[in-house]
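Nothing in this text is a laboratory measurement; each read-out follows from the coordinates by a stated rule. Predicted model only: the values in this text are computed from it and were never measured. FYI the Cβ positions are ideal-geometry reconstructions off the backbone, even for glycines, and counts take in every protein chain you see.
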Amino acid sequence: MHGPPDITRRHLLGGSLALLGAAATGCAIPVGFGSSQTRVRYWHFLGASDGIIMNKMVQAFAKDTPDVFVEENVLAWGEPYYTKIAMAGSGGRSPDLATFHLARLAGIGAGRILDPINVKLLEEVGLKAADFSPPIWERAHLDGVLYAIPFDAHPMVLYYNTDICQKAGLLGPDGKLVPTKGVDELIAQLTKAKDAMGGKPPLAFDALGLGTVGPWRVWQTLYAQSGGTLLSDDGTRITIDDAKALEALRLMRRLGQEGLCDWRTDYGASVANFTNGQAAFLWNGDWETTGLKERKTPFSMTRFPNVFGTGAAQADCHSFVLPHQRDRDPEVERATYRFIAYLVKNSADWAVAGHVPAYLPALEEPEYLALQPQSEYRSVITEVALDPQVWFAGSASRMWIEFGEAFSPVIGGTRTPEEGLAAAKAALSRLLAAPNPFPDEERA
């Protein structure tokens, strides 16, 4: 197991990871009988370096707030996590707080399984709407009701190997990658890197594999840059612009056909290729930052290239939600909001993991700006391409997997862009026709 990342901010002091270990086994350390502390039960799915950083933030909160005890429980990422949230929320016997992917909000029965955020209590702890990225804050609402408090965005970004890019003449005088704009400049950049690597594919991303979502994430980034949408605002009609969708797919096919990306790599292989200097570029989410630093890969990061007119990038967001409770204890509730405010206001600490704080004041803190290369892509926070608000979208969702399966063969050349788009639209039609497990009329 890799050691914890270097964390230098004043709040993240050294300390035992015993609580993280206990939580990972499903056994949180309880408040002792007769204790004067208020207990806040917190569930999350954060593992690896994310989990280590979150645990240190919990410890820092405990040091600063001795009257509150946060019982931290780490559950398995993905569908099992949301199933447990749904089961706990439907029974009204939930934890006090949970980490949540914002794109999952519409699919979890907000109003029955999740309780609304108490805006008055939020203001009491010093958090207000103007402090957050506008598109992310807006997405935290359903039917005008706030159900989540944004914590970060984790967008698609561009990792680049500084040694290879230097050899290829792609770095500017400041040592940073010279940005490209449009298809021609992107292809020229990749071609120079390919030549510097002796003809090896210079770009890596997860293009293949069972359940791969990489082709969806790349396509959605490119498609969103041209202003394309998936569904109508009410989530009932497909609004895909075929011309824009095919433009993105044809570029993805071209990358595979011209040997500019390796279409045979799954997620693990794509990261390994970049880590080991077998690729000059990696298109991925921002969460590989800590691992690459630990393995001493010569790299930096920047925003995903502007190919089709804007800097939009596919993203999801970590947020905090209140799973439904039949009777929420007022004292515990206030302690919960104090804990949320602590995490959000110190989200520059969380940015060590690579994620971009959704809390705008954190983006201007000297400690955050000193984080390299994490602060290099912070401007994307207002150009994130988020999923439509439908029950079948979001991280680890069926929509991501279906689109990934439709587009993966396009990159490999065994399916035309037209066939890939038809498969994706057919999958989207099936999902729209499927029954919503949390219909609106059942909301409390």
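Since only SER226, TRP216, GLY199 are under comparison, the one whose Cα sits farthest along the positive direction of the charge dipole of region 185-258, derived from C-beta charges on Lys, Arg, Asp and Glu, is GLY199.
Counted over all Cα-Cα pairs of region 209-254, pairs farther apart than 15 Å make up 47 percent.
The Stokes-Einstein estimate for region 213-355, based on a Kirkwood radius over Cα pairs and taken at 4 °C with 1.567 mPa s viscosity, is a diffusion coefficient of 70 µm²/s.
So what is the relative contact order for the chain, in percent, with contacts set as C-alpha pairs under 8 Å and at least six apart? Write down the numbers at each step before the final one.
On the way: 838 pairs, mean separation 111.7, N = 444.
After rounding, I find 25 percent.
Residue by residue, region 142-154 carries 3J(HN,Hα) couplings of 10, 6, x, 10, 7, 10, 8, 10, x, 10, 7, 10, 10 Hz when phi is fed to the Karplus relation 6.51 cos²θ - 1.76 cosθ + 1.60 (θ = phi - 60°); x denotes Gly or Pro. Peptide packing for 226-239, 104-117 was compared via the average number of neighbouring C-beta atoms within 10 Å per residue; ordered from the highest value, the list is 104-117, 226-239. Taking amide H as placed 1.01 Å from N in the peptide plane, GLY259 has no amide H partner under 5 Å among residues 5 or more places away or on another chain. Near the amide H of LEU75, within less than 5 Å, lie the amide hydrogens of HIS44, PHE45, LEU46, all on another chain or at least 5 residues away, with H placed in the peptide plane. For the chain, hydrophobic long helices are taken as DSSP H runs at least 15 Å long by C-alpha position along their axis with mean Kyte-Doolittle hydropathy of -1.0 or more; these are 48-64, 79-91, 182-196, 214-225, 242-257, 330-345, 398-412, 417-433.
Summary of packing: across the peptides 49-58, 147-156, the per-residue average of other C-beta atoms within 10 Å ranks them, highest first, as 147-156, 49-58. Remark on LEU231: its backbone amide H falls under 5 Å from those of THR239, a criterion applied only to residues 5 or more positions apart or on other chains, H modelled at 1.01 Å from N. Residue pairs exceeding 31 angstrom between C-alpha atoms, taken from LYS244/LYS293; LYS167/LYS425; LYS192/LYS296; LYS194/LYS293; LYS194/LYS425; LYS192/LYS293: LYS244/LYS293; LYS167/LYS425; LYS194/LYS425. Dimensions of region 189-286 from C-alpha coordinates, computed as largest minus smallest value along each principal axis and given longest first, are 48, 25, 22 Å.
Give me the dipole magnitude in Debye, nearest 20, for the chain about the Cα centre, with unit charges on the beta carbon: positive for Lys and Arg, negative for Asp and Glu.
Numbers: 41 positive and 51 negative charges, 140 e Å.
The dipole of the chain has a size of about 680 debye.
Karplus-based coupling profile of region 378-390, in residue order and whole Hz: 5, 5, 5, 4, 9, 10, 6, 9, 9, 5, x, 7, 9, with θ = phi - 60° in 6.51 cos²θ - 1.76 cosθ + 1.60 and x standing for Gly or Pro.
At 222 nm, what helix-only mean residue ellipticity would the chain give, in deg cm²/dmol to the nearest 500, using -39500 (n - 2.57) for each DSSP H run of four or more?
On the way: 16 runs with 169 residues, N = 444.
Calculated at 222 nm, the ellipticity per residue is -11500 deg cm²/dmol.
Over the chain, all Cα pairs binned in 20 Å intervals from 0 give whole-percent P(r) values of 25, 57, 18, 0, listed from short to long. If both residues of a DSSP beta bridge must be in the chain, then about 65% of such bridges are antiparallel.
For region 80-125, the square roots of the Cα gyration tensor eigenvalues, ordered a ≥ b ≥ c, give a/c of at least 1.5 with a/b greater than b/c, which places it in the prolate category.
What residues from region 218-243 fall in the zone where the backbone N is under 18 Å from a label point 7 Å along the Cα-to-C-beta line of ALA433? Under 18 Å, as judged by backbone N against the label point of ALA433, lie 236-240 of region 218-243.
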